[in-house]
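The block underneath contains the structure these notes are about, expressed in structure tokens.
Bear in mind these aren't lab numbers, they're just calculated from the coordinates by the rules spelled out. This one's a predicted model, so the numbers in the text were calculated from it and none came from an experiment. Cβ coordinates were reconstructed from backbone atoms using ideal geometry, including for glycine residues, and neighbour counts include every protein chain displayed.
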Amino acid sequence: MGKKKKAKSGIVWELTLFLLKPDVDSWQDALPADKRSRPPRHETVDGLGTLVVKASKDNEPQWVTRLSQHWSILAGQKQRSPGAVLFITAGKRMFAATFGYGRSLLSPDKLVHDFGIRCVLNSVNSERLRSLDLRTLETDPLSSRKQFGDGKPLASFGVDKYRDLLRGVAGIPKDRTPLMSGADSLHVRLTLESLAGLPAECQRMLRVSTQDRYKTDFAWIDYVRLVRDASLRTTLAQELQAHCRTGASDVDYVVPQVRDGHRLDKMRGSWAKHADASLATDEVRSRLQERAASRPTADAFVGALKQDRVGEPSAETGDLTVTWMLFDALVWTVEHGGRKYILNGGDWFELDLDFIQDIETRFDRLTSQTSIVQLPPAVDMKIPAGSYFEQEYNIRAAKSSKLVNLDRKNMMKGLATAVEPCDLLDPKEGTFIHVKDGRGSAVLSHLFNQGTLALETFLSVDKVRSTVRTLAKIGRSASALRDPLVHSKLTVVFAIVDRTPRSAKWRLPFFSMLAAKNAAERIESRQAKCQIVRIDDQRSAP
């Protein structure tokens with residue numbers, strides 16, 4: 001029988017620790033710029049560190065101000081927001097332990113991001129995780145926290161390793177010490193005989209943060225990383241500005257949110273000289289070139305792109321109604337310092353090169369198959385009032401290719417939101433075709449989700465299959481849609497109208513290829529097949 005581990009004696013400290021960047025030589029360097037010229041009150045104790053105290057004063061909370069008009073018992077109720085930071089030197093690095101509201105005394109640009117996450121992942125038992133903070137890799141990202149009362153294995157959290165960014169984690173360490181959690185900072189309980197033992201603990205945590213044990217279960221956190229370092233974001237913005245000065249030839253413009261097809265043709269930039277000017281990629285690139293040439297710094301350039309708006313004009317006034325910053329509508333990939341970065345939805349991301357290659361290979365597989373359906377190119381058409389391009393294209397494609405047009409047909413009656421089986425259907429071959437106009441990340445994300453949901457619903461609900469057969473007017477004729485269904489005979493085709501020049505390999509913006517891969521895996525998990533095809537856009541330039 002093993003010996004029982006002797007409990008440590010001393011005081012239990014609940015600490016929030018930040019690791020400062022290697023170029024931080026003194027505690028003054030870690031302060032926000034507006035506090036460096038007149039540092040807050042501070043005191044240095046040899047062997048312990050420097051304690052910096054946040055100035056605080058009595059304030060009356062807003063709720064007290066309002067309620068005290070009716071309840072006199074609240075008169076004179078004040079509160080303070082005290083805080084402090086203990087700066088600790090451990091070896092050649094500096095740490096900051098924050099207390100109360102002391103976090104406001106640290107400049108975000110001086111912190112090592114993900115220090116806490118890496119400490120926790122290298123320390124915890126992956127079978128005893130308590131919570132994960134996640135953000136989805138989408139144009140309109142969703143942040144969430146998944147947590148359990150007791151420790152659970154990673155599989156219990158339903159993480160999509162290709163879709164989720166890890167922003168924080170909590171779990172039980174392998175040595176069964178108390179729960180620890182981390183994001184940028186590390187929150188940990190330490191038992192110290194005296195505060196003089198804290199520098200040694202900081203050195204230990206620094207060693208833990210540089211280990212690679214996390215790769216056994218969490219290697220996916222390195223696939224895509226949000227760039228949070230302000231100096232690196234500035235450097236990447238400088239690269240973007242320099243590129244835009246030469247023409248911005250490969251900067252993509254995408255609408256940040258899903259819009260109906262007929263509305264996409266009406267999008268306009270706030271800088272447009274004519275009220276009826278439609279926004280095209282070439283116009284966006286001209287604006288980028290103009291802004292890049294006229295702004296002296298990258299910060300001013302990005303600021304100008306955030307002032308420029310893209311949106312849909314009001315039919316009554318012509319003024320832009322729902323709008324987005326032009327900067328948020330740009331997609332661009334760049335290599336810098338041997339690494340690859342992508343601008344998407346107003347954020348910069350660092351991409352793992354092997355991960356990029358994996359996604360591109362999977363996307364190429366989806367597009368390289370011989371298409372089981374021949375679709376006509378997109379050409380100029382007269383669009384009747386109340387209709388839009390995709391609707392008219394589906395009518396034309398159904399006639400020319402002998403397909404069934406199920407655009408705007410609902411296979412799930414009784415729901416608040418209609419669920420279309422597809423846009424075009426080949427009932428004999430069991431081919432569900434979903435058509436989308438454009439390369440926008442939000443538009444394509446909607447396309448892939450819609451097609452995947454439609455197939456899963458069709459396969460899962462008897463009444464839905466009956467409805468689709470009725471809509472497609474399938475009688476006694478041979479059809480892959482008749483029961484008993486053979487899933488392997490069904491194919492979902494995502495058909496994308498694309499104006500970009502043809503090249504040896506047709507690809508979409510990275511996050512759209514990632515969404516396509518995720519959709520294909522869900523479809524193939526149901527034993528059906530998936531293809532992605534390009535519809536050449538031969539329409540006149542808008």
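Helix-only mean residue ellipticity at 222 nm, the chain, DSSP H runs n ≥ 4 weighted -39,500 (n - 2.57), per residue, nearest 500. What is it? Write down the numbers at each step before the final one.
Details: 14 runs with 152 residues, N = 542.
Estimated from H runs of four or more residues: -8500 deg cm²/dmol.
How much space per residue, in cubic angstrom, does the convex hull of the C-alpha atoms of the chain take up? Mind showing how you got there, number by number?
Numbers: hull volume 134.2 nm³, N = 542.
Here the figure is 248 Å³ per residue.
Mind checking the dipole of region 363-536: about its Cα centre, +1 per Lys or Arg Cβ, -1 per Asp or Glu Cβ, Debye to the nearest 20?
Values: 27 positive and 17 negative charges, 64 e Å.
For region 363-536, the charge dipole is close to 300 debye.
As I understand it, the value is the acute angle between the Cα axis of helix 389-401 and the longest principal axis of the Cα atoms of the chain; what does it come to in degrees, rounded to 10?
50
Counting other Cβ atoms within 10 Å of each Cβ, which trypsin sites (Lys or Arg not before Pro) in region 48-145 have at most 14 and sit in a DSSP loop?
For trypsin sites (Lys or Arg not before Pro) across region 48-145 that sit outside H, G, I, E and B with at most 14 neighbouring Cβ atoms in 10 Å, the list reads Lys57, Lys78, Arg80, Lys92.
Amide H neighbours of Gly83 under 5 Å, at least 5 residues apart or on other chains, H built in the peptide plane: list them.
Those lying under 5 Å, H to H, from Gly83 are Lys54, Tyr101.
Run the numbers for Ala219 and Gln147: contour at 0.36 nm per residue of separation, minus the present Cα-Cα distance, in nm. Could you put the intermediate results ahead of the total?
On the way: separation 72, 0.36 × 72 = 25.92 nm, distance 2.07 nm.
Going from the current span to full extension adds 23.8 nm.
Treating the angle as unsigned and between 0 and 90°, give the value, to the nearest 10°, between the Cα long axis of helix 353-368 and the longest Cα principal axis of the chain.
In the chain, helix 353-368 runs at an angle near 10 degrees to the longest axis.
Round to the nearest 0.05 the FRET efficiency obtained for Asp25 and Val45 when R0 = 22 Å and r is the Cβ-Cβ distance. All intermediate terms of the calculation are to be shown ahead of the outcome.
On the way: r = 19 Å, r/R0 = 0.88.
The value I calculate is 0.70.
Defining a contact as two alpha carbons under 8 Å apart and six or more residues distant in sequence, what relative contact order in percent does the chain show?
11
Could you tell me what a quarter of the Cα convex hull surface of region 114-186 works out to, in nm² with one decimal place?
Its Cα hull, projected and averaged over all orientations, spans 4.7 nm².
Testing the spin-label approximation: label points 7 Å from Cα along Cα→Cβ at Gln357 and Ser9. State their distance in nm.
It is 5.8 nm.
Rounded if a/c is under 1.5, else prolate if a/b beats b/c, else oblate: with a ≥ b ≥ c from the C-alpha gyration tensor eigenvalues square-rooted, which is region 346-408?
oblate
For region 47-164, list log₁₀ I(q)/I(0) at each q in 0.10, 0.19, 0.21, 0.22 Å⁻¹, using the Debye formula over Cα point scatterers of equal strength and ignoring solvent, two decimals each.
With no solvent term, the Cα-only Debye profile gives -0.61, -1.04, -1.11, -1.15.
Can you work out the FRET efficiency for the pair Thr136 and Leu74, with r the C-beta to C-beta distance and R0 = 41 Å, to the nearest 0.05? Please list the in-between numbers first.
Details: r = 43 Å, r/R0 = 1.04.
Calculated transfer efficiency: 0.45.
Just to be sure I understand: if I project the alpha-carbon convex hull of region 11-218 onto a plane and average over all orientations, what area do I get in nm²? Display every interim value, and only then the final one.
Values: hull surface 63.3 nm².
Averaged projected hull area, Cα only: 15.8 nm².
Taking the DSSP beta bridges in the chain as the whole, what percent of them are antiparallel, to the nearest 5?
Working: 76 of 92 bridges.
Of all bridge pairs located within the chain, approximately 85 percent are antiparallel.
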